[in-house]
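The values are calculated or read from the model by the stated rules, or taken from the named source; none is laboratory data. Values in this document were obtained by computation on a predicted structure and should not be read as measured data. Here the Cβ is made from the backbone with ideal geometry for all residues, glycine too, and neighbour counts use every protein chain on show.
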Amino acid sequence: MKNVKDVMRIVGMILLGLFVLVVGIPLVMTAAGVVLSGVGAIIQIAVMLIKLAVIVAVGYLILVGIRAVLR
């Protein structure tokens, strides 16, 4: 009977390992995708803000240049 318990314990560990591989890894990959998409969105917003800042700076320089020429 002790051999049967040991075999059942090993079979249970193998089944648990298969469960983790089949269910756990896709869940972890999905969570990583959500995190990476969130980071990607933050980076995208930062790039958009930098572009906006550059446009505002160029516009300001043009206005200052026009003002200097008119004086």
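Does L70 qualify as being surrounded by fewer than 10 Cβ atoms within 10 Å (Cβ to Cβ) and at pLDDT 85 or above?
Working: surrounded by fewer than 10 Cβ atoms within 10 Å (Cβ to Cβ): yes; at pLDDT 85 or above: yes.
The answer is yes for L70.
Limited to the range 14-71, what total is found for residues that are β-branched (V, I, T) and more than 31 Å from the chain's Cα centre (by Cα)?
Residues of the range 14-71 that are β-branched (V, I, T), as a first pass: 14, 20, 22-23, 25, 28, 30, 34-35, 39, 42-43, 45, 47, 50, 54-56, 58, 62, 64, 66, 69.
Now narrow it down to the ones that are more than 31 Å from the chain's Cα centre (by Cα): 14, 58, 62, 64, 66, 69.
The total comes to 6.
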